[in-house]
1. Let me confirm something: among 74, 108, which residue is modelled with pLDDT of 95 or more, surrounded by 22 or more Cβ atoms within 10 Å (Cβ to Cβ) and not aliphatic (A, V, I, L, M)?
2. Filter the stretch 84-94 down to residues that are surrounded by fewer than 16 Cβ atoms within 10 Å (Cβ to Cβ) and of a type outside the set (S, T, N, Q) and give me whichever is nearest to residue 32 (Cα to Cα).
3. Looking only at the stretch 6-41, which residues are β-branched (Val, Ile, Thr) and without any contact (Cβ under 8 Å) to a residue 24 or more places away in the chain?
4. In the set 156, 139, 76, which member is in contact (Cβ under 8 Å) with a residue 60 or more places away in the chain and either more than 16 Å from residue 7 (Cβ to Cβ) or touching a strand residue (DSSP E or B) at 6+ places or on another chain (Cβ under 7 Å) (or both)?
5. Name the residue, out of 55, 48, that is surrounded by fewer than 16 Cβ atoms within 10 Å (Cβ to Cβ) and touching a Phe, Trp or Tyr at 6+ places or on another chain (Cβ under 9 Å).
6. Given the conditions (1) at pLDDT 95 or above; (2) surrounded by fewer than 23 Cβ atoms within 10 Å (Cβ to Cβ); (3) part of a loop (DSSP other than H, G, I, E, B), and given that residue 10 satisfies all but one, which numbered condition is not satisfied?
7. If residue 127 satisfies every condition in (1) without any contact (Cβ under 8 Å) to a residue 40 or more places away in the chain; (2) on the phi < 0 side of the Ramachandran plot but one, which is the exception?
8. Tell me the residue from 167, 131, 126, 81 that is modelled with pLDDT of 95 or more, within 20 Å of residue 37 (Cβ to Cβ) and among the small types (Gly, Ala, Ser), please.
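The values are calculated or read from the model by the stated rules, or taken from the named source; none is laboratory data. Because the structure is predicted, anything quoted here is derived from the model rather than measured. When we count neighbours, we look across all protein chains shown, and the Cβ atoms used for this are built from the backbone with ideal geometry, even at glycine.
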Amino acid sequence: MKTVLLMRHAESSWKEKELDDIERPLNKRGKKDAPRVGEVLFDKELTPQMILCSPALRARQTAELVADKCEYMGEITYLDSFYLAEPSVYESALCSLPDNIERVMLIGHNPGMEGLVQILGYEVESLPTASVAYLALPIDHWSEMEGKDGNVHGDIIQLWRPRDLKSKKN
């Protein structure tokens, strides 16, 4: 059994209109929501063994805040292909993971993230910014996903949206 945490980046700022999309930072709410996700992962003992992330600034900032709060000790891997990626790009990344990784977190963008949740979990779920879908996949080797075209049917164990998260400081 392999597990995947699929996260849409936290909310970004549109304040500086001249910035390229890839350089938009998190806004105030995004800077609050991302650490809350990390706290939940830590509390639920779901710290990932690997984090793969979009290179967009908002995604990088999200990954760093989550990693800090869930006490992730590894390097965050930024993949250019994750920027505004389709579900198939995320699936390809999963297929190439080493089998010693049991739990991975992918941080990216919609609509690709929602599409991947639908493909792997067979459910249509909305992923507002800073949402995480926790899925269990009935595979022993990541390569088993290759060429399945959405035929690896996983289970959505939990879905956390920002409104569900409470900071420990509250």
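1. 108
2. At the first step, the residues of the stretch 84-94 found to be surrounded by fewer than 16 Cβ atoms within 10 Å (Cβ to Cβ) are 84, 86, 88, 92.
Retained after the next criterion (residues that are of a type outside the set (S, T, N, Q)): 84, 86.
Numbers: 84: 23, 86: 27 Å.
The qualifying residue nearest to residue 32 (Cα to Cα) is 84.
3. First, the residues of the stretch 6-41 that are β-branched (Val, Ile, Thr): 22, 37, 40.
Answer for the stretch 6-41, where residues must be β-branched (Val, Ile, Thr) and without any contact (Cβ under 8 Å) to a residue 24 or more places away in the chain: there is none.
4. Numbers: 156 fails: in contact (Cβ under 8 Å) with a residue 60 or more places away in the chain; 76 fails: in contact (Cβ under 8 Å) with a residue 60 or more places away in the chain.
Within the list 156, 139, 76, the selection yields 139.
5. Only one candidate passes the filter, namely 55.
6. Looking at each condition in turn, residue 10 falls short on (2).
7. (1)
8. On the way: 167 fails: modelled with pLDDT of 95 or more; 126 fails: modelled with pLDDT of 95 or more; 81 fails: within 20 Å of residue 37 (Cβ to Cβ).
Step by step, each of 167, 131, 126, 81 is checked, and only 131 is modelled with pLDDT of 95 or more, within 20 Å of residue 37 (Cβ to Cβ) and among the small types (Gly, Ala, Ser).
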